[in-house]
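Below is one structure; the comments refer to it alone.
The values are calculated or read from the model by the stated rules, or taken from the named source; none is laboratory data. As the structure is a computational prediction, the values presented were derived from the model and not from experiment. We place every Cβ from the backbone using ideal geometry, glycine too, and count neighbours over all the protein chains shown. Quick note on the areas: whole protein, heavy atoms, side chains included, nothing else; ligands and nucleic acids left out. Shrake-Rupley method; radii C 1.70, N 1.55, O 1.52, S 1.80 Å.
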Amino acid sequence: MNKITCGNWLGYGSADRDFVRYFMSGYYNATANNNVLDYDRLQKNSEKVVAYCKKHKSDTLPTAIQKSAS
């Protein structure tokens, strides 16, 4: 996942974008020892990541998440 750029991710179909969103959410929640999916938080953070990615297409997706999600 570390090699996926914002531009790559934005170019995926909606099902593939959603798969990556849920995978990354699970990964970051697991590293924080959190096993509950907060769907509202996921949606808000996804919107922030999309906005970031539209402006920084060459950044990797993990970088976009770290810089824009809360």
Picking from Ser58, Ser70, Ser14, the residue that is without any contact (Cβ under 8 Å) to a residue 24 or more places away in the chain, among the hydroxyl-bearing types (Ser, Thr, Tyr) and exposed (fewer than 12 other Cβ atoms within 10 Å of the Cβ) would be Ser14
The residue that is nearest to Gly7 (Cα to Cα), considering only those in region 38-55 that are free of Cβ contacts under 8 Å to residues at least 40 places away in the same chain and open to solvent by 100 Å² or more (accessible area, probe 1.4 Å), is Lys55
Of those in region 1-10 that are part of a loop (DSSP other than H, G, I, E, B) and open to solvent by 40 Å² or more (accessible area, probe 1.4 Å), the residue farthest from Ala69 (Cα to Cα) is Lys3
Only one of (1) in contact (Cβ under 8 Å) with a residue 12 or more places away in the chain; (2) small (Gly, Ala, Ser); (3) open to solvent by 40 Å² or more (accessible area, probe 1.4 Å) does not apply to Ala30, and that is (1)
